[in-house]
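The values are calculated or read from the model by the stated rules, or taken from the named source; none is laboratory data. Keep in mind the model is a prediction, meaning the values are calculated, not measured. Cβ sites come from the backbone with ideal geometry, for glycine too, and all protein chains shown count toward neighbours.
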Amino acid sequence: MAALEIENVGKILRDGQAVLRDVTCAARDGELLAVVGPSGCGKSTLLRMVAGLESVTSGVIRIGGQTVNELAPQQRDVAMVFQNHALYPHMTVYENLAFGLLVRGTPRANIDLRVRRTAAQLGLEAMLRRYPRELSGGQRQRTALGRAMLRQPAVFLLDEPLSSLDVPLRAELRRELSTLHRSLGTTMVYVTHDQSEALSLGERIVVLAGGRVQQIDTPVQVYHRPANRFVAGFVGWPPMNFLAAESFDDPTRVPAGEGALEYGVRPECFCARPGGADDLPLTGRIERIESQGSEWHLELTHRLGQVLARLRPEEALRVGEQVRLWVKREDLHAFDRASGLRVEL
Amino acid sequence: MSLRTRALQVTTYLGLAILAIATLFPLLWVTSIALMRAPETAAGTPPLWPHHPTLYNVVDIIRRQHLGRYFFNSMVVAAATTALSVLVAGSAGYALARVDFRGRRLVSWLVMLGVLIPNQALVLPLFEMFRAVHLINHYAALVLPAAANPVGIVLVQAYMRGIPAEILDAARIDGASEWRIFRSIVVPLMAPMLAAVGVLIFVVSWNDFMWPMIAMQQEGMQTLPVALAAIDREHYQDIGLMAAGATVTILPMVLVFLASQRYYLRSVIAGSLTD
Amino acid sequence: MTRKHPSGVLFVLPALLLLALFVFIPLIGVFGLSLTDFDVYALADSANLHLIGAANYWHLLRDRQAWQALEVTLVVVLVGVPATLLLSLISALMIESIAERWRGLFRTALFVPVVCSTVAIAISWRYLLNTRFGLVNHLLALLGLGTPDWLGSPNLAILAITLVVVWKGFGYGMIIVAAARREIPDELYDAARIEGAGVRQRLLRITVPMLAPTLGLLALLDVSGYWQLFAEPYVLTQGGPLGSTTSLLLLMYERGFRWWRWGTASAIAMALTAVMWLFAWVQRHTRAGWRGE
């Protein structure tokens, strides 16, 4: 077990393309750090650099205080779970699990004990003699997890481990992973493009875009105090609405800051009635109502554009009618139009 | 089924049957002649079937022309060439596809260039080189140049590209050394292609003619096709004897092919998909 | 992108060494020899070896035997390759259209000649084509079509050799074309059928265009194989009658190992290689054109 530190790390490909620029982040000992970003943001590359599968162009990576930049993967004491499982197709589940210990010269009896214990933990006892092609998607993923767990590595790296599974299975394995992390207490880095997965799993989240760190914080902070317009739009579903002061019924009541501002309101922050005197009204025409059962998604056209609001179902709401919605002042996010950075109101 | 499709189908089977007879008949006829004796082979067109099948010709060519010796030479050369080629092509094809090292692109390019060089055009300097190191009339003179086979490398390289790189990454993280990865992961994964390349090279080596004829001039060192061509120049009128020689040369490769058809045809198909 | 592994060099080293020693150095050697008057005297004493520049190539241009060998080889390529391609295509399409359980049998039957020793095949065909007792003429005589002297007359001999080459070679292409045919999705044919395309239209508008790149590659494989024609004429006709079946490689072999005139022999080898590169270049560029469509 060990902390992972990534300091000013950059990656430039042979063709001169910069994949990562000046990335600094850290996972505390035992922490589950989720790295999230759109595809092509460099998150997988970062993980592979930590694993030692890609070289580091600049900066320092430390595991347990030791600089590992020049160490080969096998010297780093890390384990990794791959998106497509990367199980050895010519080996049984047992052999897949045992391989890492075998090549490190662990005594056979010890290997057998640990393989069986891990298999029991993951519910794979009955699968030990099967080949990967004879397993279901979930069993494959569990085997890949088991292979990584078995060596009790200092850092556990997961590269979109659930993205190849279907939705119900993904939810189930997400819960299992969370439990597993608590019982193992190992430092984990979890890479995903799915912001909801990052929110639900990560103790802290690193949002990455364009090869740069956008924000590092707890899920609550990332959601409620996004550091910039990109994070605000990327985290949360349906995404945040972006508005101008003039979108509201009375622009003069909208709090102003320095410079030109853009405002953000999450869809669930609209109310059909005012809650207090300070609430800001916004009037629009209902274009579409999409029922989600317990709530409705309303598409409104207001003076300057469109917004999406999540509301409790109400008989009174009809397509084509005007409706006035209210936003609490504390639910209003503001971003500098030029830099995109968050502005506190 | 309409009458037209039915007619088309009958024509197809008929066409294939005719083609199959055309390809198989010459081989069967020669085998049949090899089993005949003087009266049948002496005058006019030999009959289609031997009336009194006998191994006389086969025994004759083995005993008088020492065919066993040449058969042995061919076996040794083909087996050694295959073993060496599979080793060389296996490791090079793997590294070119899945290991990043300085000069990889240059080596890949050289291999592709090698494919485009007709090796029979190189026999003159090759002869000089082997003469200089006194290896003419040694098995090495046949094995070494034949193992310099860029096609095998290209086949393995293409096959290896179809295997996810993550599997090798997983093994690296599991702590396996590069050599261990090669031995425990790569070799088992590319075994089907190694088998295919092996069979292909075995057959090519067995049938090779021009260079073996040049490099093996000492009596008793020739391979089967070379010896057969030499016997043919002297005894071409002895149809029974020559038919026996041809049969003995052809039959082992037909058997090898029948036994390993799946692998052999895979290498043929892969060869057309590699670039 | 993977991490650099210096060990990669070790994996390719044996291959590199073999290729350098037995392909690239000999290639440079052939080129070097082609610029000398290396002959039987030089073989005995290297003092008799002189650099004579491009003289061997100039001589070749005025060498009637060389022109004849070029013509012989070109005839085999120009007649043999289209015939082989056509047979490969037809047999592959036929095999792919019959019931699954019969395919293996026919595939094996048509492929067997490919794995047979060329020398042994040539010997067998010499008996088949024998004027006096050959089975081919026996059949022709039964049909009242006369008994041509297949290997004894210049024009027929080159055709006979082409016949043997095609007979031995088409099975190889058949396997490749059949594999490519299986890659064409069935939906394409279903769609064409719904739009009213008949058997012939489906063949000409879907199958053949879809197979074009494969046939192009196959053409290069066949050309480079037939361009190196050697064993068939060596055994069947020994290059005769009157040099009418002496291929370029056979001429190189005779100049080199019968007359020990290595200078000219090397010039022939270089010319042979150069033309093969030309074929490869042409093939690559026409195929690029297809891709761009």
**the range B:22-45 residues that are within 7 Å of chain C (Cβ to nearest Cβ), paired with ones that are exposed (fewer than 14 other Cβ atoms within 10 Å of the Cβ) (beta carbon under 9 Å, 6 or more apart)** = B:W29/B:L48; B:G44/C:R132; B:T45/C:R132
**Output for the range B:112-125, where each listed residue is more than 7 Å from chain C (Cβ to nearest Cβ) and buried (at least 22 other Cβ atoms within 10 Å of the Cβ)** = B:V123
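Results for (1) buried (at least 22 other Cβ atoms within 10 Å of the Cβ); (2) touching a Pro at 6+ places or on another chain (Cβ under 8 Å), shown as yes or no for each residue.
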| position | (1), (2) |
| --- | --- |
| B:H134 | no, no |
| B:A140 | no, no |
| B:A148 | yes, no |
| B:I153 | yes, no |
| B:G162 | no, no |
| B:A165 | no, no |
| B:D169 | yes, yes |
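Give the residue that is nearest to the other protein chains (Cβ to nearest Cβ), with candidates limited to residues of the range B:214-231 that are assigned to a loop (DSSP other than H, G, I, E, B) and within 18 Å of the chain's Cα centre (by Cα).
B:T223
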**Request:** Could you tell me whether any residue of the range C:201-217 is touching a Lys or Arg at 6+ places or on another chain (Cβ under 9 Å), part of a helix (DSSP H, G or I) and among the basic types (K, R)?
**Result:** yes
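Please verify whether the range C:126-141 includes one or more residues that are among the aromatic types (F, W, Y), in a helix (DSSP H, G or I) and surrounded by 24 or more Cβ atoms within 10 Å (Cβ to Cβ).
Checked the range C:126-141: no residue is among the aromatic types (F, W, Y), in a helix (DSSP H, G or I) and surrounded by 24 or more Cβ atoms within 10 Å (Cβ to Cβ).
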**Selection status of A:G259, modelled with pLDDT under 90 and more than 22 Å from A:R337 (Cα to Cα)** = no
**Asked** Only one residue in B:V86, B:V77 is within 14 Å of chain C (Cβ to nearest Cβ), over 18 Å from B:A229 (Cβ atoms) and assigned to a helix (DSSP H, G or I). Which one?
**Response** B:V86
**Item:** Wholly enclosed helices (runs of 4 or more DSSP H) of the range A:122-239 bearing at least 2 residues within 14 Å of chain B (Cβ to nearest Cβ)
**Value:** A:137-150
**Prompt:** From the list B:A121, B:A147, B:A158, which residue is more than 24 Å from B:Y264 (Cα to Cα), assigned by TED's automatic domain parsing to the domain that holds B:V187 and touching a Ser or Thr at 6+ places or on another chain (Cβ under 8 Å)?
**Reply:** B:A121
**Request:** Sort out which residues of the range B:221-240 are of a type in the set (A, V, I, L, M) and modelled with pLDDT of 90 or more, and write them in order of number.
**Result:** B:M221, B:L224, B:V226, B:A227, B:L228, B:A229, B:A230, B:I231
**Asked** Taking into account only those residues within the range B:22-55 that are over 24 Å from the mean Cα position of the chain (by Cα) and modelled with pLDDT of 85 or more, which is surrounded by the most Cβ atoms within 10 Å (Cβ to Cβ)?
**Response** B:I33
**Asked** Residues of the range B:126-139 being assigned to a helix (DSSP H, G or I) and more than 9 Å from chain C (Cβ to nearest Cβ), which ones?
**Response** B:F130, B:R131, B:A132, B:Y139
**Prompt:** Residues in the range B:244-263: is at least one more than 10 Å from chain C (Cβ to nearest Cβ) and among the aromatic types (F, W, Y)?
**Reply:** yes
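Please go through the range C:121-162 and pick out each residue that is touching a residue at least 24 places away in the same chain (Cβ under 8 Å) and either under 18 Å from B:G44 (Cβ atoms) or not β-branched (V, I, T) (or both).
Of everything in the range C:121-162, those that are touching a residue at least 24 places away in the same chain (Cβ under 8 Å) and either under 18 Å from B:G44 (Cβ atoms) or not β-branched (V, I, T) (or both) turn out to be C:A122, C:W125, C:R126, C:L129, C:L151, C:G152, C:S153, C:P154, C:N155, C:A157, C:L159, C:A160.
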**Item:** Lone unmet requirement of (1) surrounded by fewer than 24 Cβ atoms within 10 Å (Cβ to Cβ); (2) more than 10 Å from chain B (Cβ to nearest Cβ); (3) β-branched (V, I, T) for C:T273
**Value:** (2)
**Message:** Could you check the range C:101-124 and list, in sequence order, the residues that are part of a helix (DSSP H, G or I) and within 7 Å of another protein chain (Cβ to nearest Cβ)?
**Reply:** C:F106, C:T108, C:A109, C:L110, C:V112, C:P113, C:V115, C:T118, C:V119, C:A120, C:I123, C:S124
